[in-house]
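To start, the structure itself, in structure tokens.
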Amino acid sequence: MREQAQIAIDTADVIIFIVDVKQGLVDADSKVADMLRRSRKPVVLVVNKVDSFQKYMMDVYEFYNLGIGEPHPISAASMLGIGDMLDEVTSYFPEHTAEGEEDERPRIAIVGKPNVGKSSIINKLVGENRVIVSDIAGTTRDAIDTEVVHNGTEYVFIDTAGLRKKNKIKEELERFSIIRTVTAVERADVVLVVIDAAEGVTEQDAKIAGIAHERGKGVIIVVNKWDAIEKNDKTIYEYENEIRRILSFMPYAEIMYVSAKTGQRLMKLYDMIDIVIANQTLRVATGVLNEIMAEAVAMQQPPSDKGKRLKLYYITQVAVKPPTFVIFVNDKELMHFSYTRYLENKIREAFGFKGTSLKFFIRERKEKDQ
Ligand SMILES: Nc1nc2c(ncn2[C@@H]2O[C@H](COP(=O)(O)OP(=O)(O)OP(=O)(O)O)[C@@H](O)[C@H]2O)c(=O)[nH]1
Ligand SMILES: [Mg+2]
């Protein structure tokens, strides 16, 4: 039986794994799921005998615990859900799957206004590690990849040309520098947003940081030239306040105060990069997430409108980079931004997720087909 299953898995391009809602999640299911996960092949998890979604909804969700993706309820006997299942299967056919060998090395893009010290930071990070493997040309002339080995880990730093303010004469130049920054950010796992301590944080910095935030990248705010300013015991506090005010859309990002000139705290950047990468790829088990959500709901009642109250059925993490969650509710309209934010805070309280944004998708289960 086990051998036959293995042969079927080995020879298939896409696997449909059928479980029985009436039996529930049994040991044999978990064993097959383990084999499927090891195969790394696309799997469509199908839950059969779901004649009524209302009756079996919770039992269907239970199969998320197999850790092989979203369960698709069907009823073979009454021909329900078959079309959706087939859509899912065909979505895995070769023309849809992304090709290309994976480069596992962490990539770190360094972005910021001109002259904030981006290249100096890379030079210092590289210099003290003395292992410049090579300088390879980036995708554009001005984005340079530098490979560095630090504590046995290889990192790729992507330098970019400083992003200037809009200026009529240099409009064309500006356009290209934005494209280069966006390209560098898109290739990166973590983005260092460099700010010049001598200038303070500006709206232009916020625009640049926004490029990384919108793409769900890991972010570290690096205040450089910390050597160049007069300081007292309030300075860090004042900088922090101003940065949090102007970059208010990324409260999750850590702030580091460094100097590329003296090397102050620069090597600590590596530790922070490692933490942010770990958080970007952190996966939280479905059971734990649902416990957190249940507790949060008990502590603060979900909003209601015109006598109808928001009900939260289920939460599960569906992706990483950035960590992405799906919440199933009775009515999307009732799921206000502020309540999603409240749940996000509860999840962050439990797991931190320092340095990374979290994404939430709200999905509706209509009252009638529960
Ligand atoms: N005092 C001080 N000066 C610095 C520091 N880092 C960089 N600089 C100086 O700032 C200037 C610009 O540094 P770069 O590293 O070229 O800046 P950049 O961000 O790469 O600039 P673009 O490539 O033009 O966008 C140079 O004169 C550096 O010596 C620092 O930590 N302290
Ligand atoms: Mg430079």
Give me the number: length gained by fully extending Asn241 to Thr202, i.e. 0.36 nm times residue separation minus the C-alpha to C-alpha distance, one decimal in nm. 12.7 nm
Using a/c under 1.5 as the rounded threshold, could you call the range 2-96 rounded, prolate or oblate? The axes a ≥ b ≥ c are square roots of the C-alpha gyration tensor eigenvalues, and prolate needs a/b larger than b/c, oblate otherwise. oblate
Once both axes come from the Cα atoms, what is the angle between helix 286-299 and the longest principal axis of the chain, in degrees from 0 to 90, rounded to 10? 80 degrees
Scoring the range 261-347 by relative contact order with C-alpha pairs under 8 Å, at least six apart, yields a percentage of 28 percent
Approximate spin-label separation Ser78-Arg309, in nm, with each point projected 7 Å along Cα-to-Cβ: 2.9 nm
Among Asp29, Asp205, Asp159, which one shows the highest mean-square fluctuation when the chain is modelled as a Gaussian network with alpha-carbon springs under 10 Å? Asp29
In nm, to one decimal, how far is the Ala294 label point from the Lys55 one, both placed 7 Å along Cα→Cβ? 2.4 nm
Cβ-derived FRET efficiency at R0 25 Å, Glu70 paired with Asp103, nearest 0.05: 0.30
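Mind checking the full-extension length gain between Glu186 and Val149? Use 0.36 nm per residue of separation minus the Cα-Cα distance, one decimal, nm. The partial results should precede the final answer.
Values: separation 37, 0.36 × 37 = 13.32 nm, distance 2.22 nm.
That works out to 11.1 nm of additional length.
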With each pseudo-label sitting 7 Å past Cα toward Cβ, what's the Leu86-Asp271 distance in nm, one decimal? 5.8 nm
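Quick check: from the Cα gyration tensor, does the chain come out rounded (a/c under 1.5), prolate or oblate?
Values: a/c = 2.40, a/b = 1.69, b/c = 1.42.
Prolate is the answer for the chain, as a/c is 1.5 or above and a/b outweighs b/c.
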The range 40-92-the range 311-370 distance, computed between alpha-carbon centres (Å): 21 Å
To the nearest 10 degrees, the tilt of helix 2-11 (Cα long axis) against the first principal axis of the alpha carbons of the chain is 50 degrees
Per the 1/(1 + (r/R0)^6) rule, R0 = 45 Å and r from the Cβ atoms of Gln4 and Phe337, FRET efficiency to 0.05 is 0.35
Taking the Cα atoms only, what angle lies between the long axis of helix 118-127 and the longest principal axis of the chain, rounded to 10 degrees? 90 degrees
antiparallel share of DSSP beta bridges within the chain, to nearest 5, in %, is 35 percent
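Just flag the GluC sites (Glu not before Pro) in the range 1-109 sitting in loop per DSSP whose Cβ has no more than 11 other Cβ atoms within 10 Å.
Values: sites: Glu3, Glu62, Glu88, Glu95, Glu99, Glu101, Glu102, Glu104; in loops: Glu99, Glu101, Glu102, Glu104.
Those that pass, being in a loop and sparsely packed, are Glu99, Glu101, Glu102, Glu104.
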So between Ala350 and Val320, what do we pick up on full extension, going 0.36 nm a residue minus the alpha carbon distance? 9.1 nm
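Which loop-located trypsin sites (Lys or Arg not before Pro) does the range 10-96 contain, where loop means any DSSP state but H, G, I, E or B and the Cβ has at most 13 other Cβ atoms within 10 Å?
Details: sites: Lys22, Lys31, Arg37, Arg38, Arg40, Lys49, Lys55; in loops: Lys22, Arg40, Lys49.
When the trypsin sites (Lys or Arg not before Pro) of the range 10-96 are filtered for loop state and at most 13 Cβ neighbours within 10 Å, Lys22, Arg40 remain.
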Of Asn330, Asn232, Asn65, the one that fluctuates the most in a GNM where the chain has Cα springs shorter than 10 Å: Asn232
Go through the range 232-270 and name the trypsin sites (Lys or Arg not before Pro) that are in a DSSP coil and have 11 or fewer other Cβ atoms within 10 Å of their Cβ. Lys234
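All of the numbers you see were taken from the coordinates with simple rules; none came from a lab. Since we're looking at a predicted model, the values are computed, not measured. Note that each Cβ is placed from the backbone with ideal geometry, even for glycine, and that neighbours are counted across all protein chains shown.
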